[in-house]
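Data block below; observations after.
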Amino acid sequence: MNNYEFLKSALIKSLEYEEKERICGPDRNSYYKTDHDATAMCLKRDYFSGLRPNTHAAYNTQIIVCKGLIATYYVSQSRNDLNDFVPTINRFFESYNTYPKYLCADSGYGSLDNYKFLDSHNIGNYVKYFSWEENVSGKNPSQYALIDDTTIRCLNGNSGYIVELDNRHPKKSHSKFFRVNGCNSCDFKDYCKRWMNKKDEDFKIFEVVVELQKHIN
């Protein structure tokens, strides 16, 4: 292939990519050739079937139900329910010029941004957090509870306080490290340290997003 043919094929391919990016848009990474507005999603019917998940052309549909009646709905191209929580509530406001007095939703909507939105609009928060079911069932109880901005209390009742760690970077945005001492004499040490490499250390470091824990508490 000479230089002209190479440049020609590269230009054609580049134009194809630009067209695909234009169709897809900035907020998703896939679309269907038969329905450009649809997003490729793995649907629950495949996930629970026990077979290998297959993607389908789909939309994300949200509804707000009030006393058994659908009060409003919202349809998007998003794969994540978290992103559609606030737009759905705003759609409710557009229809009724008021926000819901209370709002109940499953843990798929439990994020700090969504909790902050509820709080800023005086909406009663009955939205589960991500680990709610395993926590209340006792299968995987929370290893600590937030007492105040600088203190946590572990399952054994020991207090933990904020520490600065030079050799460890936070994995979560706006999080702080808390240290709880006296772990080796704790009845819950095998549970709390099950993912730790150094299980003989007499302390445990927890990474805590304080603002999120305030909403959970």
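Considering only residues that are among the basic types (K, R) and assigned to a loop (DSSP other than H, G, I, E, B), look in region 16-45 and name the one that is modelled with the highest pLDDT. My answer is K33.
If you check K101 against the conditions, is it under 28 Å from R179 (Cα atoms) and out of contact with any His (no Cβ under 6 Å at 6 or more places or on another chain)? Criteria not met by K101.
Return yes when I89 is at pLDDT below 90, hydrophobic (A, V, I, L, M, F, W, C) and not in a loop (DSSP other than H, G, I, E, B) and no when it is not. Against the criterion (at pLDDT below 90, hydrophobic (A, V, I, L, M, F, W, C) and not in a loop (DSSP other than H, G, I, E, B)), I89 does not qualify.
Y4 - would you say it is of a type in the set (F, W, Y) and at pLDDT 85 or above? It would help to see each step written out before you state the result.
Numbers: of a type in the set (F, W, Y): yes; at pLDDT 85 or above: no.
Considered against the rule, which asks whether it is of a type in the set (F, W, Y) and at pLDDT 85 or above, Y4 comes out as no.
Filtering region 116-136 to residues that are part of a strand (DSSP E or B) and crowded, with 16+ Cβ neighbours inside 10 Å leaves N125, V127. If you filter region 170-217 down to residues that are at pLDDT 90 or above, aliphatic (A, V, I, L, M) and touching a helix residue (DSSP H, G or I) at 6+ places or on another chain (Cβ under 9 Å), you find that the one that is surrounded by the most Cβ atoms within 10 Å (Cβ to Cβ) is V180. Residue pairs whose Cβ atoms lie under 6 Å apart, separated by 6 or more positions or on different chains, with the first residue in region 18-38 and more than 14 Å from Y59 (Cβ to Cβ) and the second part of a loop (DSSP other than H, G, I, E, B) and not aromatic (F, W, Y), are I23/H36. Against the numbered list (1) under 22 Å from D113 (Cα atoms); (2) in a loop (DSSP other than H, G, I, E, B); (3) touching a residue at least 40 places away in the same chain (Cβ under 8 Å), E211 comes up short only at (2).
All conditions but one from (1) within 25 Å of F178 (Cα to Cα); (2) surrounded by 13 or more Cβ atoms within 10 Å (Cβ to Cβ) apply to K139; the one that does not is (2).
Conditions tested, residue by residue: (1) in the same structural domain as N90 (by TED's automatic domain parsing); (2) touching a Gly at 6+ places or on another chain (Cβ under 8 Å); (3) touching a residue at least 24 places away in the same chain (Cβ under 8 Å); (4) small (G, A, S).
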| residue | (1), (2), (3), (4) |
| --- | --- |
| L155 | no, no, yes, no |
| L165 | no, no, yes, no |
| F178 | no, yes, yes, no |
| K198 | no, no, no, no |
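For S9, the conditions (1) over 19 Å from the mean Cα position of the chain (by Cα); (2) modelled with pLDDT of 80 or more; (3) part of a loop (DSSP other than H, G, I, E, B) are fulfilled apart from (3). On inspection, Y31 passes the criterion of being surrounded by 14 or more Cβ atoms within 10 Å (Cβ to Cβ) and over 30 Å from K128 (Cα atoms).
The values are calculated or read from the model by the stated rules, or taken from the named source; none is laboratory data. Model, not experiment: these values are computed from the prediction. All Cβ positions, glycine included, derive from the backbone under ideal geometry; neighbour counts span all protein chains shown.
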